[in-house]
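A.B. asks: Handing you a structure now.
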2 protein chains.
Amino acid sequence: LAEDVPVGDLGLATRYSELAHEMSERIREGVLRPGDRLPSVRSVRRTRKMSPATVLQAYRVLEDRGDVRVRGRSGYYVNARKIGPMAEPAASEGTPKVVEPTVRDVVLDLVNAVKSPDIVALSSAFPDPSLFPLARLARALHAAALRLTPNSIYEDLTPGNPELRRCIARRYMETGVTVPIEEIVVTSGALEALNLCLRTATRPGDIVAIESPAFYAALETIQRLGLRCIEVPTCPREGIQVGALAKVLARHSVKACWLMSNFQNPTGASMPDEKKVELVRLLEKHDVPMIEDDVYAELHFDPVPRKPVKAFDRRGLVMHCSSYSKCLAPGYRVGWASPGRYAKDVSWAKLTFSMAATSAAQWAVVEYLKKPGYNFHLRRLRATLLDRQGRMLKIVHEAFPAGTKVTRPSGGYFLWLELPERVDAMKVYEKACARKIHVAPGPIFSAQKQFRNFIRLNHGIEWSPKVGEAVATVGSIVRSLS
Amino acid sequence: LAEDVPVGDLGLATRYSELAHEMSERIREGVLRPGDRLPSVRSVRRTRKMSPATVLQAYRVLEDRGDVRVRGRSGYYVNARKIGPMAEPAASEGTPKVVEPTVRDVVLDLVNAVKSPDIVALSSAFPDPSLFPLARLARALHAAALRLTPNSIYEDLTPGNPELRRCIARRYMETGVTVPIEEIVVTSGALEALNLCLRTATRPGDIVAIESPAFYAALETIQRLGLRCIEVPTCPREGIQVGALAKVLARHSVKACWLMSNFQNPTGASMPDEKKVELVRLLEKHDVPMIEDDVYAELHFDPVPRKPVKAFDRRGLVMHCSSYSKCLAPGYRVGWASPGRYAKDVSWAKLTFSMAATSAAQWAVVEYLKKPGYNFHLRRLRATLLDRQGRMLKIVHEAFPAGTKVTRPSGGYFLWLELPERVDAMKVYEKACARKIHVAPGPIFSAQKQFRNFIRLNHGIEWSPKVGEAVATVGSIVRSLS
């Protein structure tokens, strides 16, 4: 085309071909899709200071290439994708090799795996979303949308919707925990609550005590805030060893703990009440705040809920964080912190970090909780998770080699497997990936990359024969490596 | 009551009276409200390990006090608040004095002021929420809720809903800015985007260049991340002085800039395109990333939108942040970052900080944008803001003393007033507060507490004669102080 243009007009030629190329790229990328109208000549003229003739010339190039067509006087529209006589070369194939992946690579991989329908995501951190009352929540969201007034936008600003905070305070009360409404700060899920609490309790360079193994998001947050961590020995049944923590607190200037006292991720450990009391007295002695991640609280298999460490806190040291994401409303991003004596600081951090949680989502939860049904839903959810735990344990028992150890948590949806000692979990991860099965390898749960021969499996994902086969396949991979 | 209990039962007496006191407190606080059922004897027995007799004894105490009543066999219910023969003493009165408030106190005050219907919040950072298509958004939210499937929760995880990101990329394209869909990270409003971008671009101790005056959230974020800032001279009409910034970059190891190139908060300044080009070339020379806060982009009074600095960026240095909160959907908390070469890092930061933005809110914006009407809404919104700007300027001209200076921005909804030199904006703030009028005093926009004699007024709040009178009152306060 450039050949048709006299040399003196090269500037113009560049401009129209640049525009043509750019629009063509947008079409290729899908920003503009078949049927979409190209920006009008008038608007391009304005935003790019091009003459109408230049714009039209660019659009005619696209028309010649078959990318767009004119529709009467209404403008240029993107054509349906042509299938020419010759296909484009295919993308390169083969499973990408895992070369010493960092925690970040593996975690990103875990998150992306859940998006892909042909991967069995035993690595997932989420329970099967079809276990949640999505239709009833949609109705609640609609009811919420209808009652949103201009003023509710203000009312729902941080610290959050007053009615939602009352619902949260009532639930605390029912579990035997005293939390006044004023202490509760609504957040965009528990993860934001945990991040804001940790940042409030620490300064860069500080030391934080965590469980070993610990939830990988804790490791990431600690790193991002420029903190250091100490991994404290943790029993896969009864949680962090308070004696070991006592020694750590005596020796190091620890500024905060980040712990999960119920259904810990990844072990599923739950601390008995007496250990919780012991822990909180130790924290009081050293005046160290504790960030308590309690997102699985409602997923208990015992008839009675487990109390958080917060229940035994007398001095406002425990910053309790939870959400509705794992028990009621995944995707709604409604969580909260009850940060004890740090409540005002956390509220301020939330306000200046992200202003507020979504108004309609806060109201939707309130609307849902107004009607009976929550406890019924929870009972069914717990029963399903327990049932799936049994099924997965059965296959683990059958398919994994002798020397494998496995937890049997009394809540949540994770199994924590210790593989025979010579088995490298990263190898298991890699080989399973090649079979389109993802598992969470032990080292991502440790700052020192411990747990080389551990994996975490999620038994709360959508159950199908394919899942059972996938667990068996992982078992045979482990067998082949041991 | 304790007198009725034999001495040997003092432990029991303590337990039931503690429970009675606790429930009574929950009723007083409103966690339990008139008509609410007290936790069942069975559940309290479980969570507190109390005998049914103890629980019943506690509940009978509450019944005697008139706090609750029994309804047949279904349990104990909270009574309507009794009005006894004698009222409780009233809360203490009088306007709290402002004693050297910190930025935090004042900013919290500004946020709380918008929640109070009897305060004229000229200090507000929000436009009148009744200017937004809330009913149409509610319908869009309902449509969104109905199409949410278990899988959409995964699809809408960070980097965000693909369809929403396409809408954002198209809008960029219409303004003459090239941003591929892959670069866009959906966030919980622009504020979260800005925070995540700044944190991604810096390490504690780093220096950040900002405008003088600057948006107070920038100051707060810089402080919270352990950063230092340099305030660069800024023209209230044409924005940051690029020459001054050049000197700063030559002398100091600046690691990032946080700037608003369009309708800057608080001045309303907009940089001409040639200054934007000059700025971005300067950043390229020093390889310094720029966090561009462009939340008011859609609120332009000129017929043509203003380009962001991002439009002239060739090396991916500009991290452009914006949202739908100020132009379409306040309270929905749907914003985004287009962080150039930092896109992957910002996406990771979002994922590990708060996982995702609310699914339904992302879809609601998509559903709204699918139908025509957005541009019509924007034209009306801009016209209203311009109209209110005129009204407020008129009153400012009439009511403020000679020597007052005021901006006339070509977009957004802020007026920036320079008061006669001897007038202390904190005094104006304090005196206006006493009259239930809030203004934003200059020093909150500066790390060094400059702008002692400046105030920011919001002309985009709901307009009424009361607002006009409030502006005139502020004028007379300024007059009395000058």
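A.B. asks: What list of ³J(HN,Hα) couplings, whole Hz, do you get for the range A:215-229 from phi and the Karplus terms 6.51, -1.76, 1.60, once you set θ to phi - 60° and write x for glycine and proline?
C.D. replies: 4, 4, 5, 5, 4, 5, 5, 4, 5, 5, 7, x, 9, 10, 10
A.B. asks: Please tell me the relative contact order of chain A in percent, rounded to the nearest whole number, where contacts are Cα pairs under 8 Å and at least six residues apart.
C.D. replies: On the way: 825 pairs, mean separation 88.1, N = 482.
That works out to 18 percent.
A.B. asks: Determine the dipole magnitude for the protein assembly as shown: charges of +1 sit on the beta-carbon of Lys and Arg, -1 on that of Asp and Glu, nothing else is charged, the reference point is the Cα centre, and the result goes in debye to the nearest 20. Please report the intermediate quantities before stating the final value.
C.D. replies: Details: 138 positive and 102 negative charges, 248 e Å.
For this selection, approximately 1180 debye.
A.B. asks: Expressed as an acute angle from 0 to 90° and rounded to the nearest 10, what is the orientation of the C-alpha long axis of helix B:10-29 relative to the principal long axis of chain B?
C.D. replies: So the inclination is approximately 40 degrees.
A.B. asks: According to a simple spin-label model (label point 7 Å from Cα along Cα-to-Cβ), what is the distance in nm between A:R28 and A:K436?
C.D. replies: That separation, rounded to one decimal, is 2.9 nm.
A.B. asks: Given +1 on the Cβ of Lys and Arg, -1 on the Cβ of Asp and Glu, and no further charges, what dipole in debye does chain B carry about its Cα centre, rounded to the nearest 20? All intermediate terms of the calculation are to be shown ahead of the outcome.
C.D. replies: Numbers: 69 positive and 51 negative charges, 156 e Å.
It works out to roughly 740 debye.
A.B. asks: Could you pull the copy-to-copy label distances for A:S51, with points set 7 Å along Cα to Cβ, in nm to one decimal and sorted shortest first?
C.D. replies: Sorted ascending, the copy-to-copy spacings read 10.0 nm.
A.B. asks: For labels at B:K466 and A:E18 in the simple 7 Å Cα→Cβ model, what's the distance in nm?
C.D. replies: 5.4 nm
A.B. asks: Counting each DSSP H run of 4 or more residues in chain A as -39500 (n - 2.57), what helix-only mean residue ellipticity at 222 nm follows after dividing by all residues, to the nearest 500 deg cm²/dmol? Intermediate values should be presented prior to the final figure.
C.D. replies: On the way: 16 runs with 211 residues, N = 482.
My calculation for chain A gives -14000 deg cm²/dmol from helical runs alone.
A.B. asks: First measure r as the distance between the Cβ atoms of A:F301 and B:R73, then evaluate 1/(1 + (r/R0)^6) with R0 = 30 Å and state the FRET efficiency to the nearest 0.05. Kindly include the intermediate steps, with their values, before the conclusion.
C.D. replies: Values: r = 30 Å, r/R0 = 1.00.
Calculated transfer efficiency: 0.50.
A.B. asks: With label points built 7 Å along Cα→Cβ from the Cα atoms of B:H252 and B:T149, find their separation and express it in nm.
C.D. replies: So the two model labels end up 5.3 nm from each other.
A.B. asks: Under 5 Å between amide H atoms, partner at least 5 residues away or on a different chain: which partners does A:N79 have, H built in plane at 1.01 Å?
C.D. replies: A:G35, A:V68, A:R69
A.B. asks: Still on this model: Decide, for the range B:167-233, between rounded, prolate and oblate: order the square roots of the alpha carbon gyration tensor eigenvalues as a ≥ b ≥ c, take rounded if a/c falls under 1.5, and otherwise choose prolate if a/b is larger than b/c, else oblate. Write down the numbers at each step before the final one.
C.D. replies: Values: a/c = 2.50, a/b = 1.89, b/c = 1.32.
In terms of gyration-tensor shape, prolate.
A.B. asks: Let me ask you something else. Determine which residues of the range A:444-472 fall in the zone a paramagnetic label at A:D118 would reach in this model, i.e. backbone nitrogen under 18 Å from the point 7 Å along Cα→Cβ.
C.D. replies: Output list for this probe position: A:466-467, A:470.
A.B. asks: A further question on this structure: Name the residue from A:I461, A:P372, A:P420 whose Cα lies farthest towards the positive end of the charge dipole of the range A:342-482, charges +1 on Cβ of Lys and Arg and -1 on Cβ of Asp and Glu.
C.D. replies: A:P372
A.B. asks: Any idea what the B:E238 label distances to the other copies are, label 7 Å down the Cα→Cβ vector, nm, shortest first?
C.D. replies: 7.4
A.B. asks: Just want the ordering: B:R73, B:R333, from fewest to most Cβ atoms lying within 10 Å of their own Cβ.
C.D. replies: Details: B:R73 5, B:R333 30.
With the fewest neighbours first, B:R73, B:R333 line up as B:R73, B:R333.
A.B. asks: Tabulate in residue order the Karplus-calculated ³J(HN,Hα) for the range A:464-474, using 6.51 cos²θ - 1.76 cosθ + 1.60 with θ = phi - 60°, rounded to whole Hz; enter x for Gly and Pro.
C.D. replies: 7, x, 4, 5, x, 4, 5, 4, 4, 4, 4
A.B. asks: Which value in Å does the Kirkwood hydrodynamic radius of the protein assembly as shown take, with 1/r averaged over all unlike C-alpha pairs and then inverted? Let's see the in-between values first.
C.D. replies: On the way: mean 1/r = 0.0328 Å⁻¹.
Result for the protein assembly as shown stands at 30.5 Å.
A.B. asks: Show the residues, 5+ positions off or on another chain, whose built amide H is closer than 5 Å to the amide H of A:I230.
C.D. replies: Amide H neighbours of A:I230: A:V208, A:A209, A:I210.
A.B. asks: Something else: Per residue of the range B:452-459, what does 6.51 cos²θ - 1.76 cosθ + 1.60 with θ = phi - 60° give for ³J(HN,Hα)? Whole Hz please, x for Gly and Pro, Karplus curve as stated.
C.D. replies: 3, 10, 10, 9, 10, 10, 9, 9
A.B. asks: Oh, and also: In the protein assembly as shown, with Lys and Arg counted as +1 and Asp and Glu as -1 at Cβ, which of these residues, B:T384, B:T234, A:I444, has the Cα nearest the positive end of the dipole, that is, farthest along it?
C.D. replies: Farthest towards the positive pole: B:T384.
A.B. asks: A follow-up question, please. Could you tell me the relative contact order of the range A:381-458? Use alpha-carbon pairs under 8 Å, at least six residues apart, and round to a whole percent.
C.D. replies: Numbers: 96 pairs, mean separation 21.1, N = 78.
In percent, rounded to a whole number, it is 27.
A.B. asks: Would you mind ranking B:E430, A:E18 so that the residue whose beta carbon has the fewest other beta carbons within 10 Å leads the list?
C.D. replies: Least to most surrounded, the residues fall as A:E18, B:E430.
A.B. asks: Check each of the trypsin sites (Lys or Arg not before Pro) in the range B:363-424 and keep only those in coil by DSSP with at most 12 other C-beta atoms within 10 angstrom; list them in order. Mind dumping the intermediate values first?
C.D. replies: On the way: sites: B:K370, B:R379, B:R380, B:R382, B:R388, B:R391, B:K394, B:K405, B:R422; in loops: B:R422.
Hits after loop and neighbour filter: B:R422.
A.B. asks: Suppose you put the label 7 Å out from Cα in the Cβ direction; list, shortest first and in nm with one decimal, how far B:L386 is from each other copy's label.
C.D. replies: Its label point is 6.7 nm from the equivalent points in the other copies.
A.B. asks: Right, something else. Under the rule a/c < 1.5 gives rounded, and otherwise a/b versus b/c splits prolate from oblate, where does chain A land using the Cα gyration tensor?
C.D. replies: Numbers: a/c = 2.07, a/b = 1.56, b/c = 1.33.
Prolate is the answer for chain A, as a/c is 1.5 or above and a/b outweighs b/c.
A.B. asks: Taking the Cα centroid of the range A:132-166 and of the range B:339-372, what is the distance between the two, rounded to the nearest whole Å?
C.D. replies: What the calculation gives is 20 Å, centre to centre.
A.B. asks: While we're here: I need the Debye-formula profile for the range A:332-379: one equal scatterer per C-alpha, no solvent, reported as log10 I(q)/I(0) at q = 0.15, 0.18 1/Å, two decimals.
C.D. replies: At q = 0.15, 0.18 Å⁻¹ the computed log10 ratios are -0.56, -0.72.
A.B. asks: Can you sort B:D293, B:D118 from fewest to most other Cβ atoms within 10 Å of each residue's own Cβ?
C.D. replies: Numbers: B:D293 29, B:D118 6.
So the residues, fewest neighbours to most, are B:D118, B:D293.
A.B. asks: Assign unit charges at the C-beta atoms only (+1 for Lys and Arg, -1 for Asp and Glu), then state the dipole size of the range B:323-482 relative to its Cα centre in Debye, rounded to the nearest 20.
C.D. replies: Numbers: 25 positive and 10 negative charges, 39 e Å.
Taking the Cα centre of the range B:323-482 as origin, the dipole is about 180 debye.
A.B. asks: For the protein assembly as shown, with the dipole built from +1 on Lys and Arg beta-carbon atoms and -1 on Asp and Glu ones, taken about the Cα centre, which of B:Y324, B:H252, A:V185 lies farthest toward the positive end?
C.D. replies: Farthest towards the positive end: B:Y324.
A.B. asks: Right, something else. For A:C235, what residues show an amide H to amide H distance below 5 Å, using hydrogens built from the backbone and excluding near sequence neighbours?
C.D. replies: So A:C235 has HN proximity to A:I240, A:Q241.
Computed from the coordinates by the stated procedures, all read-outs in this text should not be read as laboratory data. Keep in mind the model is a prediction, meaning the values are calculated, not measured. FYI the Cβ positions are ideal-geometry reconstructions off the backbone, even for glycines, and counts take in every protein chain you see.
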